[in-house]
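I have placed the structure first, in the form of structure tokens, so that the comments after it can refer back to it.
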Amino acid sequence: MNKSNSIQFCVFLLLFSFLSVKAQNFNERWGIGLNSASVLYSVEDGATVGGRYIATLPGISISKYLGEKVTLSVTFSNAINDTQQYFSSDFNLSYDIFNPDGFLRPYLLAGVGVVNLLDTGLTLNLGGGGTLWVARNIGLNGQLMYKVSTIGGELQRSHFFGSAGIVYSFSPSRNKRLWEK
């Protein structure tokens, strides 16, 4: 099995396992996302950490809609086939700027993260993003965060973290498709 087929099989297996959980009386306010991300350090900080750019794949996120336009999400990202060993875990709260039932949902986010690159540090995450719902359960998501290095080793640095991916919602009643009013 080549690398592309292996990734597709893992995505299918992951989505299938979460669909099975839903069949066991799962609370329908949950969602899962798969994404690819890029990390960008400044020129000065890139020299310290060993490079300015890092690609992460796959990124996996699990989210729970809490109500009142607020969603809690947990995301794990890992660099694969990159010269740098980057791993992050993020815990973010996002706030839907407009109606959370629309087909396009822009949001602002804030949270904390743990980043491991040369050493481990804690970050304060600030950013925004949006989800475009192309079907009742499937959306395309883009997000940009600035991870401010707050606590940790002296080698950890602040950086931008941009991601793009696909989202599956277990609550189709909340989502309108692009062509619906």
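Counting only residues 5 or more places away or on other chains, whose amide H sits under 5 Å from the amide H of TYR86 once H atoms are built in the peptide plane?
Residues meeting the criterion, in which the H sits 1.01 Å from N, are ALA79.
Karplus couplings for the range 40-57 from phi (6.51 cos²θ - 1.76 cosθ + 1.60, θ = phi - 60°), rounded to Hz, Gly and Pro as x?
10, 9, 5, 4, 5, 6, x, 5, 6, 8, x, x, 7, 10, 9, 9, 10, 6
Where nothing but the Cβ of Lys and Arg (+1) and of Asp and Glu (-1) is charged, how large is the charge dipole of the range 26-174 around its Cα centre, in debye to the nearest 20?
Working: 9 positive and 10 negative charges, 85 e Å.
With Lys and Arg at +1 and Asp and Glu at -1, about 400 debye.
List the residues whose amide H sits under 5 Å from the amide H of PHE103, counting only those 5 or more places along or on another chain, with H placed 1.01 Å from N in the peptide plane.
Amide H to amide H, under 5 Å and 5 or more residues apart or across chains, PHE103 pairs with LYS176.
Using the 10 angstrom Cβ neighbour count as an exposure proxy, how do TRP133, TRP30 rank, fewest first? Present the calculation step by step, with values, prior to reporting the outcome.
Details: TRP133 24, TRP30 17.
Ascending number of Cβ neighbours within 10 Å: TRP30, TRP133.
Hey, can you grab everything whose amide H is under 5 Å from the amide H of ARG29? Only 5+ residues off in sequence or another chain; H modelled, so Pro and N-termini drop out.
Amide H to amide H, under 5 Å and 5 or more residues apart or across chains, ARG29 pairs with nothing.
Throughout, read-outs are computed from the coordinates displayed, never taken from laboratory work. Keep in mind that what you see is a predicted model, and the values were worked out from it rather than measured. Here Cβ is always computed from backbone atoms with ideal geometry, including for glycine, and neighbour counts include all displayed protein chains.
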